[in-house]
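A.B. asks: Right, I'll just put the structure down here and ask away after.
The values are calculated or read from the model by the stated rules, or taken from the named source; none is laboratory data. All figures in this text were calculated on a predicted structure; none of them were measured in a lab. Ideal geometry is used to build each Cβ from the backbone, glycine not excepted, and the neighbour counts take in all protein chains shown.
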Amino acid sequence: MAFRPNSTARVARITLAGDADRWFARLPQRSRDFVQAHVRLHHFADRARIYSAGDAGDGLYRMIDGEVRLIAYPSDGRQMVTFVARPGQWFGELSVVDGGPRPHDAICQGPVSLLHLPTSAITAHAESDPGFIGQVALIGCDHQRAALAHIGSMTGRPGRERVAGMILAMAVPDPRAPHPVLRMSQEDLAGRVGLSRQHLGVLLSELKDRGVLSLGYGRMEVLDPEWLARHARHGGG
């Protein structure tokens with residue numbers, strides 16, 4: 001991790017001021033001023049771990065570039081990607097609100113740049129502005145609404161539509177590949193779309209045979225996004 005203090009204020013000002021960030025835009029001016037004054041800029045390498053499940057909470061994070069996956073472990077030997085943080089999104093709010101340990105691993109997918117608002121600064125600010133913790137809780141409300149919307153969109157849809165829509169939504173440009181790439185294990189993808197690992201494997205093999213995807217270890221390259229878009233909307237009929 002590299003820290004560049006001389007660039008933090010400039011990046012924070014450009015990133016947050018007038019930004020489309022829904023949470024920051026809803027804050028009172030006093031809170032916006034506090035956030036801009038106390039965030040710190042950090043850079044992480046691909047696969048770097050920002051924090052681990054069980055760690056003490058160390059504050060809020062706001063994505064600038066890249067992708068961070070929050071991974072939970074619901075049972076022995078299994079893992080589940082519960083949230084994918086992308087530019088403009090905040091994460092890490094739960095441990096700020098309840099003071100409990102981190103419930104996830106936060107792992108970088110590719111190089112990542114983000115802003116960090118430390119717990120120490122939040123705690124000090126909350127002494128004079130107790131309402132700020134409630135404002136932080138709104139980040140969790142946004143995440144919960146997005147999760148419910150995702151569940152609703154998945155319910156009742158055929159497996160092929162769910163898989164096509166999820167891959168299309170989560171694949172991102174990769175400078176090392178000519179097409180968008182989704183870096184995720186098939187087990188994680190199966191959990192995200194509510195299918196068994198075996199059922200997903202059959203669907204992915206079909207997409208590979210059709211020339212829609214190229215499959216590799218922990219990655220799927222989208223060769224035909226138009227096909228995915230058609231089938232994500234209405235099954236391709």
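A.B. asks: Quick one: would you say V81 is at pLDDT 90 or above and not in a loop (DSSP other than H, G, I, E, B)?
C.D. replies: no
A.B. asks: On the basis of being crowded, with 18+ Cβ neighbours inside 10 Å and touching a strand residue (DSSP E or B) at 6+ places or on another chain (Cβ under 8 Å), does L200 make the cut?
C.D. replies: Taking the combined requirement at face value, the residue does not satisfy it.
A.B. asks: Continuing with the same structure: Quick one: count up the residues across the range 24-45 that are closer than 30 Å to P180 by Cα and either outside any loop (DSSP other than H, G, I, E, B) or at pLDDT below 90 (or both).
C.D. replies: Residues in the range 24-45 being closer than 30 Å to P180 by Cα and either outside any loop (DSSP other than H, G, I, E, B) or at pLDDT below 90 (or both): 5 in total.
A.B. asks: If you don't mind, there's one more thing I want to ask. Using beta carbons and a limit of 9 Å, which pairs, at least six apart or on different chains, have the first residue in the range 38-52 and touching a residue at least 60 places away in the same chain (Cβ under 8 Å) and the second one β-branched (V, I, T) and surrounded by fewer than 17 Cβ atoms within 10 Å (Cβ to Cβ)?
C.D. replies: V39/V11; L41/V11
A.B. asks: Next question, about the same structure. Exactly one of (1) modelled with pLDDT of 85 or more; (2) not in a helix (DSSP H, G or I) is unmet by M184. Its number?
C.D. replies: For M184, the failing item is (1).
A.B. asks: Evaluate the following for A48: is it surrounded by 13 or more Cβ atoms within 10 Å (Cβ to Cβ), within 15 Å of the chain's Cα centre (by Cα) and not hydroxyl-bearing (S, T, Y)?
C.D. replies: yes
A.B. asks: Working only within the range 215-236, note down all residues that are closer than 28 Å to R47 by Cα and free of Cβ contacts under 8 Å to residues at least 12 places away in the same chain.
C.D. replies: Scanning the range 215-236 gives L215, G216, Y217.
A.B. asks: Have a look at I107, I139, I122 and point out the one that is modelled with pLDDT of 95 or more and in the same structural domain as P28 (by TED's automatic domain parsing).
C.D. replies: Criteria check complete, one pass: I122.
Quick grid of which residues meet (1) surrounded by 20 or more Cβ atoms within 10 Å (Cβ to Cβ); (2) part of a helix (DSSP H, G or I):
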{"site": "M63", "(1), (2)": "yes, no"}
{"site": "P87", "(1), (2)": "no, no"}
{"site": "S95", "(1), (2)": "yes, yes"}
{"site": "L115", "(1), (2)": "yes, no"}
{"site": "A121", "(1), (2)": "no, yes"}
